[in-house]
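A short worksheet on the structure shown next.
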Amino acid sequence: MAAVIEVEAVVTRFGAQTVHDGVGFTVERGTLVGLIGASGSGKSVLLREMIGLHRPSSGRVRLLGTDM
């Protein structure tokens, strides 16, 4: 099955603070996924990176094969 979302080695930094360090996963078509975590753990930042509203410090996000 084709990947709908691909997150590869995403690193997110705000100044000296590292929010994500090498996050990676793939979501296949037809899969239901939940994103959970404590307050301030970077869930919203990761979603913003996935839809192109924020650029990660490094790594890659692709939606339907398109680099975000």
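The values are calculated or read from the model by the stated rules, or taken from the named source; none is laboratory data. Since this is a predicted model, take the numbers as computed values, not measurements. In this analysis, Cβ positions are derived from the backbone assuming ideal geometry, glycine residues included, and neighbour counts consider all displayed protein chains. Remember, those area values only see protein heavy atoms, side chains included, never the ligands or the DNA or RNA. Shrake-Rupley method; radii C 1.70, N 1.55, O 1.52, S 1.80 Å.
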What is the residue count in segment 23-68 for residues that are farther than 17 Å from Ala3 by Cα and of a type in the set (Lys, Arg)?
3
Considering only residues that are in a loop (DSSP other than H, G, I, E, B), on the phi < 0 side of the Ramachandran plot and modelled with pLDDT under 95, which ones fall in segment 50-68?
Ile51, Met68
Does Gly34 fit the bill of being out of contact with any Leu (no Cβ under 6 Å at 6 or more places or on another chain) and exposed (fewer than 10 other Cβ atoms within 10 Å of the Cβ)?
yes
I'd like the full set of residues that are within 11 Å of the chain's Cα centre (by Cα) and open to solvent by 50 Å² or more (accessible area, probe 1.4 Å), limited to segment 1-20.
Glu8, Ala9
Could you tell me whether any residue of segment 39-49 is in a strand (DSSP E or B) and free of Cβ contacts under 8 Å to residues at least 40 places away in the same chain?
no
